[in-house]
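Scroll down for the structure; my scribbles are underneath it.
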């Protein structure tokens with residue numbers, strides 16, 4: 001399927017198993033590929049959110065009362081539907097987000113993997129029971145939190161919602177999704193597939209909107225838990241507001257991921273991984289390699305990175321950035337670094353794609369001799385840009401990494417196992433890699449950073465997510481009054 005064959009619907013809220021019109025203001029949905037308007041999305045009000053909450057409230061007793069083995073049956077069917085609709089889903093993602101079809105398909109495949117983890121929860125979620133004294137048993141059980149919400153960003157319209165939806169719902173909660181208003185189409189298809197998979201009405205709802213709905217979610221007294229993925233600035237605001245309203249909240253923010261490249265690194269492996277990491281999804285991912293710390297004599301590797309990056313062509317194997325504003329912001333970082341003395345080795349500014357002149361493209365950009373005090377070295381650029389800093393000291397490279405406010409990911413490139421261990425033990429990041437440009441853990445290992453890349457406790461995926469989406473109940477039981485007793489009974 002290609003975008004020309006795709007029928008793009010008007011975006012609607014999804015409440016009680018139905019797509020609903022409402023008397024709301026709307027905003028245009030723009031395709032970054034060519035700048036065209038592809039749909040419109042409602043800017044819902046607090047009443048719409050309350051309608052979704054009431055839908056969840058009605059569905060919660062029956063859904064949470066089912067066994068987890070019963071609940072996950074829906075996700076076996078949902079997984080099949082994701083696979084059967086992979087081309088359509090990939091086309092939707094490509095159209096609304098601007099990434100390449102291959103990147104969009106990889107996003108759906110990751111969504112399938114996340115769904116598979118939810119299907120495995122009955123084998124993972126084992127209650128503990130122990131006879132703690134003669135005739136006395138203690139037992140723990142995981143209880144659903146209740147009505148929960150997920151607020152998701154533009155860069156992964158399907159995968160990031162799937163970080164939260166399957167686990168939260170399989171664990172017995174009812175969920176409200178607030179997708180990014182820039183990419184609301186994938187969420188519409190997710191809802192339709194859940195309906196087809198047999199998920200009971202009211203268990204999953206969508207409320208579209210902007211900042212007003214985010215604030216309403218943080219304030220609503222019946223919403224117990226919120227997951228958020230977006231910029232650090234907004235993640236911090238959401239976490240503070242939700243926490244002030246006595247909700248549990250996990251907010252994932254931005255990143256400035258450092259790749260520490262040592263002089264003994266394999267040039268081919270390093271260059272291929274670094275170029276792919278800095279440009280994949282047009283650099284619009286929180287695991288993108290945006291800062292490289294070159295330790296010692298690595299000019300040959302830097303040259304190799306540039307050679308690999310030249311193979312990445314906008315409109316072919318490099319997608320668009322999300323908006324005109326994003327393109328201008330990214331190019332502004334490049335220009336500022338150049339004006340401060342950094343050397344542009346590969347310049348992606350003013351990129352255009354034939355036939356898509358109104359699209360939003362930035363070519364792969366490699367900037368050498370960046371200093372740690374430059375904004376491009378400190379702030380999240382969120383574009384296909386690699387800033388290279390230089391040092392002759394491995395400890396200085398680690399200090400540069402540790403001085404970052406963020407802590408999502410860090411990798412070291414070397415063929416020396418001892419040095420790799422030295423670096424991975426000292427960098428301040430929640431996800432680390434060795435000779436890997438994007439060190440994303442795979443299920444059942446969990447995704448989550450440190451420092452200002454995460455607000456709250458725990459991670460958003462994998463086994464760690466169980467503790468976020470459930471409450472632990474402890475039950476102590478004594479049935480035999482004739483049993484010998486001691487101080488514990």
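Couple of notes before you dig in:
- Over 45 Å [Cα-Cα, the chain], rounded percent: 16
- In percent, rounded to a whole number, the relative contact order of the range 257-434 is 29, using alpha-carbon pairs under 8 Å and six or more apart.
- Mean Cα-pair separation over length for the chain, i.e. relative contact order, pairs under 8 Å, 6 or more apart, %: 18
- Rounded to 5, percent antiparallel among DSSP beta bridges of the range 257-434: 10
- For 220, 300, the sequence from fewest to most other C-beta atoms within 10 Å is 300, 220.
- Taken as Cα centroids, the range 260-328 and the range 394-446 sit 17 Å apart, rounded to the nearest whole angstrom.
- Value of [θ]222 nm, deg cm²/dmol, for the chain, DSSP H segments ≥ 4, -39500 (n - 2.57) each, nearest 500: -11500 deg cm²/dmol
- Cα gyration tensor, the range 250-318 - rounded (a/c under 1.5), prolate or oblate: oblate
- Expressed to the nearest 5 percent, the antiparallel share of DSSP beta bridges inside the chain is 40 percent.
- Ranking of 457, 53, 293 by neighbouring Cβ atoms within 10 Å, starting from the fewest: 457, 53, 293.
- Ranking of 258, 304 by count of other Cβ atoms within 10 Å, fewest first: 304, 258
Values quoted throughout were computed directly from the atomic coordinates according to the rules given, and no laboratory measurement underlies them. Computed from a predicted model, the values in this text were never measured in an experiment. We place every Cβ from the backbone using ideal geometry, glycine too, and count neighbours over all the protein chains shown.
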